[in-house]
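Novice: If you scroll down you'll find the structure; I have some questions about it.
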Amino acid sequence: MERDVLPIYEYRKELVQAVKDSNFLIVTGETGSGKTTQLPQYLHKAGFAKHGMIGVTQPRRVATISVALRVAEELNCSLGTTVGYQVRFDDCSSKDTAIKYMTDGCLLRHILADSNLCQYSTIILDEAHERSLSTDILFGLLKKLFQQKMCSGRKRPLKIVVMSATLDIQKLSEFFENCPVVKIPGRTFPVKEIFCNLIGPKNLEGSAYVAETVKVVMDIHLNKMAGDILVFLTGQAEIEKACNLLFTKGESIDYQYDLRDQSVEGLLILPLYGSMATDQQKEIFHPPPAGVRKCVLSTNIAATSLTIPGIRYVVDSGFVKQLNHNPRIGMDILEVVPIAKSEAVQRTGRAGRTSAGVCYRIYSKDFWDQCMPEHMVPEIKRTSLTSVILTLKCLEIHNVIHFPYLDPPEERHILEALKQLFQCDAIDRRGHVTQMGKFMVEYPLPPNMACAVIKAASVGCEDLLLPIAAMLSVENVFIRPGDSEKREEAERKHQALSMEAGGSNDFATLFNIFQQCRMSTSPARWCQQNFVHWRALKSAFSVERQLQEITRRLKQMKDFPREKCEGPRSEMLRRCLCAGYFSNVAKRSAGTTFRTMEGCGTMVKIHPSSALHGQEAELEWIMFHDVLVTSNIFVKTVCPIRYEWVKDLLPKLHEVDVYELSSVAREAVTEKEMAKWNIKEGLKRQNEGALEDAL
Ligand code: CDP
Ligand code: MG
């Protein structure tokens with residue numbers, strides 16, 4: 001598509017001027033109007049990059065890389081030069097980079113190292129309507145930066161642009177000191193909405209909608225006039241399943257588990273999800289060969305982050321995968337939930353970009369009325385805040401309750417985060433970051449894992465733990481083919497890999513896969529033979545190297561902890577994991593059921609994918625990494641542990657004084673005030689030692 005026909009083109013002068021004139025600016029416009037790819041280029045051309053980079057944040061990793069690639073192409077430069085990107089564990093930028101696309105999480109980490117963002121002239125917070133946790137925190141931090149004139153370290157004020165498809169613009173403008181708003185009118189064609197009534201309010205269970213969605217796609221393909229199809233599903237596994245079903249329906253050719261580039265009688269089937277390789281994604285934007293209909297099966301990413309040209313039909317499953325905090329388990333869990341009505345409208349709009357289109361909603365009007373909320377709840381109100389609260393504390397923002405949130409999270413969620421940080425020694429009883437907390441924040445890992453890694457480094461067995469931390473940081477490594485014969489073969493191979501690692505520790509299995517693949521003379525072939533995703537392993541190798549670098553640097557610091565730990569290595573590994581994950585410990589209660597130690601305890605079962613599934617009778621205590629909620633609560637990635645390893649840690653789960661932390665959250669109280677407060681409340685614990693006694 002020519003850049004000068006994009007709706008944003010006519011506004012280029014006005015936009016550049018508006019950025020010059022105001023510290024804050026809001027830009028809104030239909031998805032596909034050119035905000036993400038064009039505005040940074042206009043600013044670059046106007047000379048903004050002379051005084052620092054133009055940083056553009058995205059909530060999603062894939063979109064970050066994809067748009068950077070596109071803009072590099074448009075500017076005719078190779079990625080990593082004038083245009084670069086940075087996502088967690090992957091930095092493709094250099095000193096020449098003028099326009100840098102990055103995830104919002106990455107920018108948060110930059111602020112830790114440089115609170116004035118001196119390297120940047122402009123920050124564009126893109127996809128603001130997604131309201132990701134990091135973007136919301138960045139809103140507050142950037143606002144604070146101006147309020148407190150924290151920019152004094154800068155020669156010129158930082159320019160901040162917030163871009164969004166649809167959002168409560170009024171609210172956001174008020175938040176940023178009534179800043180100006182530039183609206184880019186959309187150019188869209190009418191889209192007919194059809195409720196297919198295949199899913200109603202009653203059948204929410206399971207993923208029946210995948211088969212229904214595929215039916216609708218085949219129906220369009222066989223009966224409707226030319227035009228590409230965009231299908232919204234929730235995640236990788238489901239998308240692969242749908243692709244398989246489409247092939248089978250089309251009496252497909254030989255089964256292949258690499259689904260790329262496959263077509264069924266004039267239907268080109270292309271998956272699009274977060275963990276896909278970049279070159280694979282590029283195909284999505286290419287027009288299909290003549291006479292072929294393109295069908296893209298995507299996660300929510302195609303709703304606003306990426307615009308696929310040529311779409312005439314949208315098939316909406318009505319569901320999305322969302323990270324939600326589950327108070328029963330005290331953890332964030334990925335759940336499949338109905339989308340909000342506003343999101344459904346966004347999805348519908350994708351069909352009307354180049355001509356009139358049709359949106360097939362596989363659900364019924366009743367489902368729309370009864371199951372779909374008006375708007376999506378921002379992430380900050382539904383996920384764990386532990387990581388971001390630690391970041392704020394490290395930025396010396398103690399009053400985390402009265403931080404300028406666009407939508408404040410519930411106080412009890414903030415307290416929960418403080419409690420968890422206290423439990424892993426990241427903050428002290430006054431709510432100040434400890435040395436441990438400062439080490440933890442150096443790792444781009446969740447706090448529990450950072451804690452386990454530091455423990456391992458302190459006893460000198462990081463060579464065991466870093467590969468595991470890396471394997472758990474990348475996407476799923478196991479390939480599970482759709483074809484039943486192949487699937488059995490894959491299961492046998494996976495089982496063998498687990499047996500080689502002792503047969504009763506899923507973490508050790510991951511370690512074994514990492515090592516075997518690394519030692520192999522032909523790692524890609526090794527992966528293929530063992531039904532392991534080579535690309536995931538490649539990322540794991542790179543992640544491990546980066547974690548090693550961080551560890552090496554931290555170990556040189558004089559106050560890095562050093563401990564002695566005796567015992568066999570397999571035991572050391574599990575003990576280190578326990579140091580970070582003692583909140584994920586469970587004891588067998590009856591049969592195959594275990595009870596967790598957090599709160600009042602939750603009943604969980606070991607997921608069938610674990611090596612420990614079927615060995616429950618021989619187990620007493622277990623530690624797990626993640627949780628899956630279906631009709632049961634399952635724990636995944638599990639290992640057996642001994643009570644002695646956690647007995648000193650477990651009391652921490654219950655002995656935190658929430659009242660105390662709440663006062664700490666409001667302000668960093670002085671020692672004296674604290675003592676007074678303690679007496680008033682009749683609490684005798686006035687020093688750190690007393691708390692230890694209480695445990
Ligand atoms: O950010 P916004 O949704 O306003 O638009 P954009 O992402 O800048 O996209 C502008 C145009 O570039 C759209 O028509 C996209 O289809 C196209 N584009 C593309 O062809 N390939 C990409 N990798 C990214 C965008
Ligand atoms: Mg965009």
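Novice: Give the range 590-608 a look and list any residue that's surrounded by fewer than 18 Cβ atoms within 10 Å (Cβ to Cβ) and outside any strand (DSSP E or B), or say none.
Specialist: Selection gives G591, T592, G599, C600, G601, P608.
Novice: Restricting attention to the range 13-37, which residues are within 16 Å of ligand 2 (Cβ to nearest atom), charged (D, E, K, R) and out of contact with any strand residue (DSSP E or B) (no Cβ under 6 Å at 6 or more places or on another chain)?
Specialist: We begin by selecting, within the range 13-37, every residue within 16 Å of ligand 2 (Cβ to nearest atom); these are 15, 25-37.
So of that shortlist, the ones also charged (D, E, K, R) come out as 30, 35.
Correct list: E30 only.
Novice: State the number of residues belonging to the range 383-406 that are of a type outside the set (F, W, Y) and closer than 13 Å to S134 by Cα.
Specialist: At the first step, the residues of the range 383-406 found to be of a type outside the set (F, W, Y) are 383-402, 404, 406.
Still in the list and also closer than 13 Å to S134 by Cα: 383-392, 406.
Of the residues in the range 383-406, 11 are of a type outside the set (F, W, Y) and closer than 13 Å to S134 by Cα.
Novice: Got at least one residue in the range 123-137 being over 19 Å from V400 (Cβ atoms), more than 17 Å from the chain's Cα centre (by Cα) and not in a strand (DSSP E or B)?
Specialist: Within the range 123-137 (the criterion being over 19 Å from V400 (Cβ atoms), more than 17 Å from the chain's Cα centre (by Cα) and not in a strand (DSSP E or B)), the answer is no, since none of the residues qualifies.
Novice: Right, next: Of all residues being surrounded by fewer than 22 Cβ atoms within 10 Å (Cβ to Cβ) and under 24 Å from L142 (Cα atoms) in the range 75-88, which is modelled with the lowest pLDDT? Just the residue, please.
Specialist: Just the residues of the range 75-88 that are surrounded by fewer than 22 Cβ atoms within 10 Å (Cβ to Cβ), to begin with: 75-82, 87-88.
In the following step, the residues that additionally are under 24 Å from L142 (Cα atoms) were identified as 87-88.
Numbers: V87: 92, R88: 89.
Filtering the range 75-88 for residues that are surrounded by fewer than 22 Cβ atoms within 10 Å (Cβ to Cβ) and under 24 Å from L142 (Cα atoms), the one modelled with the lowest pLDDT comes out as R88.
Novice: Those residues that are part of a loop (DSSP other than H, G, I, E, B) and either in contact with a helix residue (DSSP H, G or I) (Cβ under 9 Å, 6 or more places away or on another chain) or small (G, A, S) (or both), I need them from the range 560-589; list them, please. Full working, then the answer.
Specialist: Let us first name the residues in the range 560-589 that are part of a loop (DSSP other than H, G, I, E, B), namely 560-568.
Once the filter is applied, which keeps residues that are part of a loop (DSSP other than H, G, I, E, B) and either in contact with a helix residue (DSSP H, G or I) (Cβ under 9 Å, 6 or more places away or on another chain) or small (G, A, S) (or both), the range 560-589 yields F560, P561, R562, E563, K564, C565, E566, G567.
Novice: If T602 meets every condition in (1) at pLDDT 95 or above; (2) of a type outside the set (K, R); (3) in contact with a strand residue (DSSP E or B) (Cβ under 7 Å, 6 or more places away or on another chain) apart from one, which number is that one?
Specialist: (1)
Novice: Something else: Does L107 qualify as being touching a helix residue (DSSP H, G or I) at 6+ places or on another chain (Cβ under 8 Å) and either modelled with pLDDT under 95 or under 30 Å from A536 (Cα atoms) (or both)?
Specialist: On the way: touching a helix residue (DSSP H, G or I) at 6+ places or on another chain (Cβ under 8 Å): yes; either modelled with pLDDT under 95 or under 30 Å from A536 (Cα atoms) (or both): yes.
It is true that L107 is touching a helix residue (DSSP H, G or I) at 6+ places or on another chain (Cβ under 8 Å) and either modelled with pLDDT under 95 or under 30 Å from A536 (Cα atoms) (or both).
Novice: Identify the single condition in (1) of a type outside the set (V, I, T); (2) buried (at least 23 other Cβ atoms within 10 Å of the Cβ); (3) within 13 Å of ligand 1 (Cβ to nearest atom); (4) not in a helix (DSSP H, G or I) that P287 does not satisfy, given that it satisfies every other one.
Specialist: So P287 meets the others, but not (2).
Novice: Could you tell me whether the range 76-96 includes any residue that is within 14 Å of ligand 1 (Cβ to nearest atom), outside any helix (DSSP H, G or I) and closer than 22 Å to F146 by Cα?
Specialist: The answer is no, given that none of the residues of the range 76-96 is within 14 Å of ligand 1 (Cβ to nearest atom), outside any helix (DSSP H, G or I) and closer than 22 Å to F146 by Cα.
Novice: Right, I333: closer than 30 Å to E442 by Cβ and among the β-branched types (V, I, T) or not?
Specialist: Numbers: closer than 30 Å to E442 by Cβ: yes; among the β-branched types (V, I, T): yes.
So I333 passes the test.
Novice: Look at the range 348-407 and say how many of its residues are farther than 30 Å from R430 by Cβ, in contact with a Ser or Thr (Cβ under 7 Å, 6 or more places away or on another chain) and part of a helix (DSSP H, G or I).
Specialist: Summing the residues that are farther than 30 Å from R430 by Cβ, in contact with a Ser or Thr (Cβ under 7 Å, 6 or more places away or on another chain) and part of a helix (DSSP H, G or I) in the range 348-407 gives 2.
Novice: Continuing with this model, one more query. Find all pairs meeting these conditions: Cβ atoms under 8 angstrom apart; at least six residues apart or on different chains; first residue within the range 51-74 and among the aliphatic types (A, V, I, L, M) and modelled with pLDDT under 95; second residue more than 9 Å from ligand 1 (Cβ to nearest atom) and in a helix (DSSP H, G or I).
Specialist: Here the result reads V62/I301; A63/I301; I65/T278; L69/T278, each pair linking the range 51-74 to a residue that is more than 9 Å from ligand 1 (Cβ to nearest atom) and in a helix (DSSP H, G or I).
Novice: Considering only the range 5-12, I want to know if a residue exists there that is within 16 Å of ligand 2 (Cβ to nearest atom), surrounded by fewer than 22 Cβ atoms within 10 Å (Cβ to Cβ) and not in a helix (DSSP H, G or I).
Specialist: Yes - at least one qualifying residue is present in the range 5-12.
Novice: So, in the range 296-323, exactly how many residues are part of a loop (DSSP other than H, G, I, E, B), within 22 Å of the chain's Cα centre (by Cα) and either aromatic (F, W, Y) or away from ligand 2 (no atom under 14 Å from the Cβ) (or both)?
Specialist: The initial filter retains those residues of the range 296-323 that are part of a loop (DSSP other than H, G, I, E, B), namely 299-300, 305-310, 317-318.
Keeping just the survivors that are within 22 Å of the chain's Cα centre (by Cα) gives 299-300, 305-307, 317-318.
Next, only the ones that are either aromatic (F, W, Y) or away from ligand 2 (no atom under 14 Å from the Cβ) (or both) stay: 299, 317-318.
Residues flagged as part of a loop (DSSP other than H, G, I, E, B), within 22 Å of the chain's Cα centre (by Cα) and either aromatic (F, W, Y) or away from ligand 2 (no atom under 14 Å from the Cβ) (or both) within the range 296-323 amount to 3.
Novice: If V182 satisfies all but one of (1) more than 16 Å from ligand 2 (Cβ to nearest atom); (2) in contact with an Asp or Glu (Cβ under 7 Å, 6 or more places away or on another chain); (3) more than 24 Å from V314 (Cβ to Cβ), what's the number of the condition it fails?
Specialist: Of (1) more than 16 Å from ligand 2 (Cβ to nearest atom); (2) in contact with an Asp or Glu (Cβ under 7 Å, 6 or more places away or on another chain); (3) more than 24 Å from V314 (Cβ to Cβ), only one is false for V182: (1).
The values are calculated or read from the model by the stated rules, or taken from the named source; none is laboratory data. Quick caveat, the model's predicted, so the values are computed rather than measured. Heads up, the Cβs are rebuilt from the backbone with ideal geometry, glycines too, and the neighbour counts pull from every protein chain shown.
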